[in-house]
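One structure is given below, encoded as C-alpha coordinates.
The values are calculated or read from the model by the stated rules, or taken from the named source; none is laboratory data. Being a predicted model, the structure only gives us computed values, none of them experimental. A quick note on method: Cβ atoms are made from the backbone with ideal geometry, for glycine too, and the neighbour counts reach across all protein chains shown. Calculation scope for accessible area: heavy atoms of the full protein, side chains included, ligands and nucleic acids excluded. Shrake-Rupley method; radii C 1.70, N 1.55, O 1.52, S 1.80 Å.
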Amino acid sequence: MNSLHDSPFLAACRSEPHHHTPVWFMRQAGRSLPEYRKIRGEGSILDAIKNAELSTEITLQPVHRYNTDAAILYSDIVVPLHALGFGVEIQPGIGPVVENPFRSAEDLKRLRPLDPDSDTPYVLETIRLLVGELNVPLIGFAGAPFTLASYLIEGAPSRTYTKTKALMMNDPELWDSLMSRLVEIVISSLRSQISAGVSAIQLFDSWAGALSPSAYERFVLPYSKEIFSAVQNEHVPTIHFGVGTGEILHLMASAGSSVMGVDWRTPLDAARDRLGLEVALQGNLDPAICFASENVIATEVRNILDKNAGHPGHIFNLGHGVLPETNPQVLERIVEQVHSYPLNSAEMK
Ligand code: CP3
(Lines give C-alpha, C1' and ligand atoms only; values in the text may rest on other atoms or scores of the structure.)
Protein backbone atom coordinates (compact mmCIF):
# COMPACT_ATOMS: atom_id res chain seq x y z
CA MET A 1 0.00 0.00 0.00
CA ASN A 2 1.59 3.32 -0.88
CA SER A 3 2.24 5.94 1.79
CA LEU A 4 -0.41 8.33 0.47
CA HIS A 5 -3.20 5.88 1.26
CA ASP A 6 -3.74 7.47 4.70
CA SER A 7 -3.45 11.07 3.44
CA PRO A 8 -6.38 13.29 4.53
CA PHE A 9 -7.52 13.69 0.91
CA LEU A 10 -7.73 9.97 0.11
CA ALA A 11 -9.18 9.14 3.55
CA ALA A 12 -11.90 11.76 3.03
CA CYS A 13 -12.66 10.32 -0.43
CA ARG A 14 -13.34 7.00 1.35
CA SER A 15 -15.31 8.81 4.12
CA GLU A 16 -12.79 7.56 6.69
CA PRO A 17 -11.60 9.62 9.69
CA HIS A 18 -8.46 11.75 9.35
CA HIS A 19 -6.84 14.61 11.25
CA HIS A 20 -7.79 17.69 9.22
CA THR A 21 -10.25 18.59 6.49
CA PRO A 22 -8.41 18.25 3.18
CA VAL A 23 -8.59 21.13 0.73
CA TRP A 24 -7.62 21.78 -2.88
CA PHE A 25 -9.02 24.14 -5.50
CA MET A 26 -10.28 23.41 -8.98
CA ARG A 27 -8.12 25.49 -11.36
CA GLN A 28 -5.58 26.00 -8.58
CA ALA A 29 -2.87 25.99 -11.25
CA GLY A 30 -3.33 28.88 -13.61
CA ARG A 31 -3.62 32.55 -14.25
CA SER A 32 -4.29 33.64 -10.66
CA LEU A 33 -0.67 32.73 -9.84
CA PRO A 34 2.11 35.19 -10.81
CA GLU A 35 4.57 32.28 -10.88
CA TYR A 36 2.30 30.61 -13.49
CA ARG A 37 2.13 33.71 -15.68
CA LYS A 38 5.92 33.91 -15.45
CA ILE A 39 6.69 30.43 -16.79
CA ARG A 40 3.61 29.66 -18.90
CA GLY A 41 4.88 31.59 -21.95
CA GLU A 42 2.82 32.77 -24.91
CA GLY A 43 1.16 30.34 -27.26
CA SER A 44 -1.56 27.79 -26.77
CA ILE A 45 -2.12 26.08 -23.44
CA LEU A 46 -2.23 22.86 -25.49
CA ASP A 47 1.46 23.39 -26.34
CA ALA A 48 2.30 24.06 -22.69
CA ILE A 49 0.59 20.77 -21.79
CA LYS A 50 2.77 18.93 -24.33
CA ASN A 51 5.85 20.04 -22.40
CA ALA A 52 6.04 17.56 -19.51
CA GLU A 53 8.69 19.46 -17.50
CA LEU A 54 6.72 22.71 -17.74
CA SER A 55 3.42 20.99 -16.88
CA THR A 56 5.06 19.31 -13.90
CA GLU A 57 6.31 22.65 -12.60
CA ILE A 58 2.89 24.30 -13.12
CA THR A 59 1.13 21.45 -11.29
CA LEU A 60 3.52 21.79 -8.33
CA GLN A 61 3.26 25.59 -8.01
CA PRO A 62 -0.09 25.79 -6.16
CA VAL A 63 0.76 22.80 -3.96
CA HIS A 64 3.89 24.57 -2.78
CA ARG A 65 2.28 27.97 -2.39
CA TYR A 66 -1.01 26.93 -0.78
CA ASN A 67 -0.08 23.69 0.96
CA THR A 68 -3.09 21.97 -0.61
CA ASP A 69 -3.86 18.35 0.24
CA ALA A 70 -3.92 17.28 -3.40
CA ALA A 71 -2.41 18.27 -6.73
CA ILE A 72 -4.42 18.32 -9.96
CA LEU A 73 -2.66 17.46 -13.16
CA TYR A 74 -2.07 20.46 -15.40
CA SER A 75 -3.87 19.41 -18.57
CA ASP A 76 -7.30 20.07 -20.07
CA ILE A 77 -10.46 18.11 -20.77
CA VAL A 78 -10.06 18.59 -24.52
CA VAL A 79 -6.50 17.18 -24.66
CA PRO A 80 -7.54 13.67 -25.87
CA LEU A 81 -9.82 15.15 -28.57
CA HIS A 82 -7.09 17.51 -29.69
CA ALA A 83 -4.64 14.60 -29.79
CA LEU A 84 -7.00 12.56 -32.00
CA GLY A 85 -6.93 15.37 -34.55
CA PHE A 86 -10.58 16.41 -34.26
CA GLY A 87 -9.48 20.01 -34.71
CA VAL A 88 -10.09 21.26 -31.16
CA GLU A 89 -8.01 24.23 -30.02
CA ILE A 90 -8.19 26.42 -26.91
CA GLN A 91 -8.48 30.14 -27.49
CA PRO A 92 -7.19 32.32 -24.65
CA GLY A 93 -10.01 34.01 -22.77
CA ILE A 94 -12.63 31.97 -24.68
CA GLY A 95 -12.05 28.26 -24.20
CA PRO A 96 -12.27 25.26 -26.53
CA VAL A 97 -13.19 25.96 -30.15
CA VAL A 98 -13.68 23.45 -32.97
CA GLU A 99 -13.03 24.37 -36.58
CA ASN A 100 -15.43 21.80 -38.03
CA PRO A 101 -18.00 20.96 -35.36
CA PHE A 102 -19.66 17.55 -35.10
CA ARG A 103 -22.73 17.52 -37.35
CA SER A 104 -23.46 14.05 -38.75
CA ALA A 105 -22.59 10.35 -38.70
CA GLU A 106 -19.72 11.17 -41.09
CA ASP A 107 -17.99 13.00 -38.24
CA LEU A 108 -17.81 9.81 -36.14
CA LYS A 109 -14.86 8.81 -38.35
CA ARG A 110 -12.93 11.70 -36.83
CA LEU A 111 -13.28 10.12 -33.38
CA ARG A 112 -11.12 7.00 -33.54
CA PRO A 113 -10.18 5.21 -30.28
CA LEU A 114 -7.48 6.87 -28.15
CA ASP A 115 -4.12 5.17 -27.76
CA PRO A 116 -2.77 7.09 -24.76
CA ASP A 117 0.82 5.80 -25.14
CA SER A 118 1.14 7.23 -28.63
CA ASP A 119 -1.54 9.96 -28.65
CA THR A 120 -0.91 11.62 -25.26
CA PRO A 121 2.52 10.37 -24.08
CA TYR A 122 3.29 13.82 -22.59
CA VAL A 123 0.35 13.47 -20.17
CA LEU A 124 1.71 10.16 -18.91
CA GLU A 125 5.24 11.53 -18.67
CA THR A 126 4.00 14.51 -16.63
CA ILE A 127 2.21 12.13 -14.26
CA ARG A 128 5.34 10.00 -13.81
CA LEU A 129 7.47 13.08 -13.12
CA LEU A 130 4.91 14.37 -10.62
CA VAL A 131 4.52 11.11 -8.75
CA GLY A 132 8.28 11.23 -8.09
CA GLU A 133 8.07 14.76 -6.69
CA LEU A 134 4.80 15.00 -4.79
CA ASN A 135 4.06 14.10 -1.21
CA VAL A 136 0.30 14.62 -1.66
CA PRO A 137 -2.02 12.65 -3.96
CA LEU A 138 -2.23 13.60 -7.63
CA ILE A 139 -5.70 13.89 -9.18
CA GLY A 140 -6.05 12.90 -12.84
CA PHE A 141 -9.18 13.82 -14.78
CA ALA A 142 -11.26 13.71 -17.90
CA GLY A 143 -14.20 15.63 -19.31
CA ALA A 144 -17.45 13.68 -19.12
CA PRO A 145 -18.97 12.67 -22.48
CA PHE A 146 -21.78 15.26 -22.31
CA THR A 147 -19.47 18.20 -21.60
CA LEU A 148 -17.03 17.05 -24.30
CA ALA A 149 -19.89 16.50 -26.77
CA SER A 150 -21.18 20.01 -26.08
CA TYR A 151 -17.86 21.49 -27.24
CA LEU A 152 -17.67 19.21 -30.30
CA ILE A 153 -21.21 20.06 -31.38
CA GLU A 154 -21.43 23.76 -30.47
CA GLY A 155 -17.92 24.44 -31.78
CA ALA A 156 -17.36 27.01 -29.02
CA PRO A 157 -18.43 27.64 -25.42
CA SER A 158 -22.21 28.02 -25.28
CA ARG A 159 -24.81 29.34 -22.84
CA THR A 160 -27.77 27.55 -24.33
CA TYR A 161 -26.47 24.25 -25.79
CA THR A 162 -29.12 24.53 -28.52
CA LYS A 163 -27.26 22.43 -31.11
CA THR A 164 -26.32 19.79 -28.54
CA LYS A 165 -29.87 19.47 -27.23
CA ALA A 166 -31.32 19.44 -30.74
CA LEU A 167 -28.99 16.61 -31.75
CA MET A 168 -29.75 14.46 -28.71
CA MET A 169 -33.50 14.91 -29.07
CA ASN A 170 -33.74 14.70 -32.87
CA ASP A 171 -31.34 11.86 -33.46
CA PRO A 172 -30.94 9.68 -30.35
CA GLU A 173 -29.14 7.04 -32.41
CA LEU A 174 -26.40 9.40 -33.57
CA TRP A 175 -26.21 10.83 -30.03
CA ASP A 176 -25.70 7.28 -28.72
CA SER A 177 -22.91 6.64 -31.25
CA LEU A 178 -21.17 9.89 -30.37
CA MET A 179 -21.49 9.36 -26.60
CA SER A 180 -20.30 5.74 -26.91
CA ARG A 181 -17.16 6.85 -28.76
CA LEU A 182 -16.51 9.48 -26.11
CA VAL A 183 -17.02 6.92 -23.33
CA GLU A 184 -14.30 4.73 -24.88
CA ILE A 185 -11.92 7.66 -25.24
CA VAL A 186 -12.51 8.79 -21.65
CA ILE A 187 -12.05 5.28 -20.24
CA SER A 188 -8.75 4.81 -22.14
CA SER A 189 -7.53 8.19 -20.95
CA LEU A 190 -8.47 7.59 -17.30
CA ARG A 191 -7.01 4.07 -17.24
CA SER A 192 -3.73 5.33 -18.68
CA GLN A 193 -3.55 8.11 -16.07
CA ILE A 194 -4.19 5.58 -13.31
CA SER A 195 -1.47 3.22 -14.65
CA ALA A 196 0.95 6.15 -14.79
CA GLY A 197 0.30 6.81 -11.09
CA VAL A 198 -2.54 9.23 -10.30
CA SER A 199 -4.17 8.56 -6.90
CA ALA A 200 -7.70 9.69 -7.76
CA ILE A 201 -9.66 10.81 -10.78
CA GLN A 202 -12.26 13.50 -11.34
CA LEU A 203 -14.85 13.41 -14.11
CA PHE A 204 -15.77 16.98 -15.09
CA ASP A 205 -19.33 17.16 -16.38
CA SER A 206 -19.16 20.90 -15.95
CA TRP A 207 -22.17 21.77 -18.08
CA ALA A 208 -24.53 18.88 -17.16
CA GLY A 209 -26.55 21.34 -15.04
CA ALA A 210 -27.94 22.75 -18.29
CA LEU A 211 -30.10 19.62 -18.64
CA SER A 212 -33.47 18.75 -17.15
CA PRO A 213 -33.48 15.67 -14.90
CA SER A 214 -35.24 13.58 -17.53
CA ALA A 215 -32.83 14.61 -20.31
CA TYR A 216 -29.87 13.95 -18.00
CA GLU A 217 -31.23 10.54 -17.05
CA ARG A 218 -31.86 9.45 -20.62
CA PHE A 219 -29.05 11.07 -22.59
CA VAL A 220 -26.15 11.36 -20.15
CA LEU A 221 -26.39 9.13 -17.08
CA PRO A 222 -25.93 5.74 -18.82
CA TYR A 223 -22.64 6.90 -20.36
CA SER A 224 -21.19 8.42 -17.20
CA LYS A 225 -22.23 5.26 -15.33
CA GLU A 226 -20.29 3.15 -17.82
CA ILE A 227 -17.17 5.20 -17.11
CA PHE A 228 -17.36 4.82 -13.34
CA SER A 229 -17.99 1.09 -13.56
CA ALA A 230 -15.07 0.67 -15.97
CA VAL A 231 -12.62 2.32 -13.58
CA GLN A 232 -14.09 0.87 -10.38
CA ASN A 233 -11.73 -2.10 -10.31
CA GLU A 234 -8.72 0.25 -10.56
CA HIS A 235 -9.20 1.02 -6.84
CA VAL A 236 -8.71 4.77 -6.97
CA PRO A 237 -11.39 7.13 -5.61
CA THR A 238 -13.53 8.87 -8.19
CA ILE A 239 -15.02 12.38 -8.07
CA HIS A 240 -17.96 13.51 -10.22
CA PHE A 241 -18.49 17.24 -10.69
CA GLY A 242 -20.76 19.67 -12.50
CA VAL A 243 -22.07 23.21 -12.08
CA GLY A 244 -25.72 24.11 -11.37
CA THR A 245 -26.50 20.46 -10.69
CA GLY A 246 -28.69 20.76 -7.55
CA GLU A 247 -31.73 19.30 -9.28
CA ILE A 248 -29.81 16.37 -10.84
CA LEU A 249 -27.34 15.73 -8.01
CA HIS A 250 -29.02 12.45 -7.01
CA LEU A 251 -28.95 11.25 -10.63
CA MET A 252 -25.30 12.20 -11.03
CA ALA A 253 -24.52 10.39 -7.76
CA SER A 254 -26.20 7.25 -9.13
CA ALA A 255 -23.47 7.11 -11.80
CA GLY A 256 -21.36 5.63 -9.01
CA SER A 257 -18.47 7.93 -7.98
CA SER A 258 -17.00 7.85 -4.46
CA VAL A 259 -17.22 11.64 -4.15
CA MET A 260 -19.78 14.13 -5.49
CA GLY A 261 -18.73 17.67 -6.31
CA VAL A 262 -21.27 20.23 -5.09
CA ASP A 263 -21.40 23.81 -6.32
CA TRP A 264 -22.25 26.78 -4.05
CA ARG A 265 -25.93 26.82 -4.98
CA THR A 266 -26.59 23.63 -2.99
CA PRO A 267 -25.70 23.82 0.73
CA LEU A 268 -23.68 20.81 1.89
CA ASP A 269 -26.36 19.71 4.37
CA ALA A 270 -29.00 19.82 1.61
CA ALA A 271 -26.69 17.77 -0.61
CA ARG A 272 -26.33 15.18 2.18
CA ASP A 273 -30.12 15.05 2.60
CA ARG A 274 -30.41 14.29 -1.11
CA LEU A 275 -27.54 11.83 -1.40
CA GLY A 276 -27.32 10.09 1.98
CA LEU A 277 -24.22 9.57 4.08
CA GLU A 278 -22.39 7.03 1.91
CA VAL A 279 -20.98 9.36 -0.71
CA ALA A 280 -18.30 11.92 0.22
CA LEU A 281 -18.82 15.56 -0.82
CA GLN A 282 -16.41 18.05 -2.35
CA GLY A 283 -17.03 21.78 -2.21
CA ASN A 284 -18.42 24.35 -2.08
CA LEU A 285 -17.32 27.96 -1.60
CA ASP A 286 -18.60 30.34 -4.28
CA PRO A 287 -15.42 31.38 -6.20
CA ALA A 288 -16.77 34.97 -6.28
CA ILE A 289 -16.73 35.10 -2.45
CA CYS A 290 -12.92 35.23 -2.73
CA PHE A 291 -13.39 38.87 -3.76
CA ALA A 292 -15.22 39.85 -0.55
CA SER A 293 -13.56 41.12 2.64
CA GLU A 294 -11.40 38.89 4.79
CA ASN A 295 -14.11 38.60 7.46
CA VAL A 296 -16.83 37.69 5.01
CA ILE A 297 -14.66 35.00 3.46
CA ALA A 298 -13.78 33.53 6.86
CA THR A 299 -17.46 33.43 7.85
CA GLU A 300 -18.46 31.71 4.61
CA VAL A 301 -15.68 29.14 4.94
CA ARG A 302 -16.72 28.48 8.54
CA ASN A 303 -20.38 28.06 7.48
CA ILE A 304 -19.43 25.39 4.99
CA LEU A 305 -17.33 23.51 7.52
CA ASP A 306 -20.17 23.78 10.08
CA LYS A 307 -22.74 22.53 7.57
CA ASN A 308 -20.58 19.47 7.01
CA ALA A 309 -21.23 18.68 10.70
CA GLY A 310 -18.14 16.58 11.26
CA HIS A 311 -18.78 14.06 8.46
CA PRO A 312 -15.43 12.45 7.56
CA GLY A 313 -16.33 12.50 3.86
CA HIS A 314 -15.73 16.17 3.09
CA ILE A 315 -13.08 17.67 0.84
CA PHE A 316 -13.09 21.46 0.94
CA ASN A 317 -12.98 23.13 -2.48
CA LEU A 318 -14.57 25.97 -4.38
CA GLY A 319 -17.90 25.31 -6.05
CA HIS A 320 -16.18 25.86 -9.43
CA GLY A 321 -12.72 26.90 -10.60
CA VAL A 322 -10.53 29.67 -9.19
CA LEU A 323 -11.30 32.88 -11.11
CA PRO A 324 -8.21 34.30 -12.86
CA GLU A 325 -8.33 37.62 -10.92
CA THR A 326 -8.34 35.90 -7.51
CA ASN A 327 -5.73 37.11 -5.04
CA PRO A 328 -3.57 34.06 -4.17
CA GLN A 329 -3.26 35.30 -0.56
CA VAL A 330 -6.99 34.73 -0.14
CA LEU A 331 -6.57 31.07 -1.07
CA GLU A 332 -3.55 30.79 1.26
CA ARG A 333 -5.73 32.01 4.15
CA ILE A 334 -8.57 29.65 3.25
CA VAL A 335 -6.21 26.65 3.37
CA GLU A 336 -4.95 27.73 6.81
CA GLN A 337 -8.47 28.18 8.11
CA VAL A 338 -9.70 24.82 6.78
CA HIS A 339 -6.65 23.03 8.18
CA SER A 340 -7.06 24.55 11.63
CA TYR A 341 -10.81 23.85 11.90
CA PRO A 342 -11.32 21.33 14.69
CA LEU A 343 -12.86 18.32 12.99
CA ASN A 344 -15.33 17.40 15.72
CA SER A 345 -16.39 20.89 16.86
CA ALA A 346 -19.53 20.95 14.74
CA GLU A 347 -20.66 17.66 16.25
CA MET A 348 -20.23 18.96 19.78
CA LYS A 349 -22.53 21.97 19.28
O1 CP3 B 1 -5.67 23.61 -12.00
C2 CP3 B 1 -6.43 22.79 -12.57
O3 CP3 B 1 -7.64 22.68 -12.24
C4 CP3 B 1 -5.86 21.83 -13.58
C5 CP3 B 1 -5.92 22.20 -14.93
C6 CP3 B 1 -7.21 22.26 -15.72
C7 CP3 B 1 -7.32 23.11 -16.86
N8 CP3 B 1 -8.52 22.85 -17.45
C9 CP3 B 1 -6.27 24.03 -17.31
C10 CP3 B 1 -6.70 25.23 -18.08
C11 CP3 B 1 -8.41 21.55 -15.62
C12 CP3 B 1 -8.84 20.54 -14.57
C13 CP3 B 1 -9.22 21.92 -16.72
C14 CP3 B 1 -10.54 21.32 -17.00
C15 CP3 B 1 -11.45 22.01 -17.91
N16 CP3 B 1 -11.18 22.60 -19.09
C17 CP3 B 1 -12.86 22.07 -17.72
C18 CP3 B 1 -13.60 21.48 -16.54
C19 CP3 B 1 -13.48 22.35 -15.34
C20 CP3 B 1 -14.37 23.54 -15.37
O21 CP3 B 1 -13.84 24.67 -15.35
O22 CP3 B 1 -15.60 23.37 -15.38
C23 CP3 B 1 -13.41 22.77 -18.79
C24 CP3 B 1 -14.87 23.10 -19.01
C25 CP3 B 1 -12.34 23.08 -19.68
C26 CP3 B 1 -12.39 23.80 -20.97
C27 CP3 B 1 -11.61 25.07 -20.91
N28 CP3 B 1 -10.22 25.12 -21.04
C29 CP3 B 1 -12.06 26.37 -20.62
C30 CP3 B 1 -13.50 26.77 -20.42
C31 CP3 B 1 -10.92 27.22 -20.57
C32 CP3 B 1 -10.87 28.70 -20.20
C33 CP3 B 1 -10.56 29.61 -21.30
C34 CP3 B 1 -9.93 30.88 -20.77
O35 CP3 B 1 -8.85 31.24 -21.27
O36 CP3 B 1 -10.47 31.48 -19.83
C37 CP3 B 1 -9.79 26.43 -20.84
C38 CP3 B 1 -8.39 26.87 -20.87
C39 CP3 B 1 -7.61 26.51 -19.66
N40 CP3 B 1 -7.51 25.23 -19.18
C41 CP3 B 1 -6.84 27.39 -18.83
C42 CP3 B 1 -6.25 26.58 -17.85
C43 CP3 B 1 -5.29 26.99 -16.78
C44 CP3 B 1 -6.70 28.91 -19.00
C45 CP3 B 1 -5.90 29.29 -20.20
C46 CP3 B 1 -4.37 29.41 -20.00
O47 CP3 B 1 -3.87 29.51 -18.88
O48 CP3 B 1 -3.71 29.43 -21.04
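Share of pairwise Cα-Cα distances greater than 35 Å in the chain is 18 percent (whole percent). Here each label is just a point 7 Å from Cα along the line to Cβ, and for Ser104 and His235 those points are 5.0 nm apart. When only the Cβ of Lys, Arg, Asp and Glu is charged (+1, +1, -1, -1), the dipole of the stretch 93-151 relative to its Cα centre reaches about 180 debye. The mean accessible area for residues of the chain, using a 1.4 Å probe and ignoring ligands and nucleic acids, is 42 Å² per residue. Net charge dipole, the stretch 114-259: roughly 320 debye, given to the nearest 20, about the Cα centre with Cβ charges of +1 for Lys and Arg and -1 for Asp and Glu.
In the calculated pair-distance distribution of the stretch 1-72, the portion above 20 angstrom amounts to 40 percent of the Cα-Cα pairs.
Taking every DSSP bridge with both residues inside the stretch 8-340, close to 15 percent are antiparallel.
Taking 0.36 nm per residue of sequence separation and subtracting the Cα-Cα distance, how much length would be gained by fully extending the chain between Gln91 and His64, in nm to one decimal? Net length gain for the segment: 6.9 nm. Overall, the accessible surface of the stretch 8-340 at a probe of 1.4 angstrom is composed of carbon and sulfur to the extent of 49 percent. Relative to the dominant Cα principal axis of the chain, helix 121-133 is inclined by about 10°.
Placing +1 on each Lys and Arg Cβ and -1 on each Asp and Glu Cβ, with no other charges, gives the chain a dipole about its Cα centre of roughly 340 debye.
For the chain, the longest principal axis of the alpha carbon atoms and the long axis of helix 172-196 meet at an angle near 50°. Decide, for the stretch 168-271, between rounded, prolate and oblate: order the square roots of the alpha carbon gyration tensor eigenvalues as a ≥ b ≥ c, take rounded if a/c falls under 1.5, and otherwise choose prolate if a/b is larger than b/c, else oblate. Here the stretch 168-271 falls in the oblate category. Can you work out the base-10 log of I(q)/I(0) for the stretch 121-222 at q = 0.10, 0.14, 0.22 1/Å, using the Debye formula on its C-alpha atoms alone? Those come out to -0.34, -0.61, -1.07, one per q.
Taking Ile239, Ile127, Ile153 as the candidate residues, the one with maximal mean-square fluctuation in a Gaussian network model of the chain, Cα springs under 10 Å, is Ile153.
Once both labels are positioned 7 Å from their Cα atoms along Cα-to-Cβ, the gap between Leu323 and Asp47 label points is 3.0 nm.
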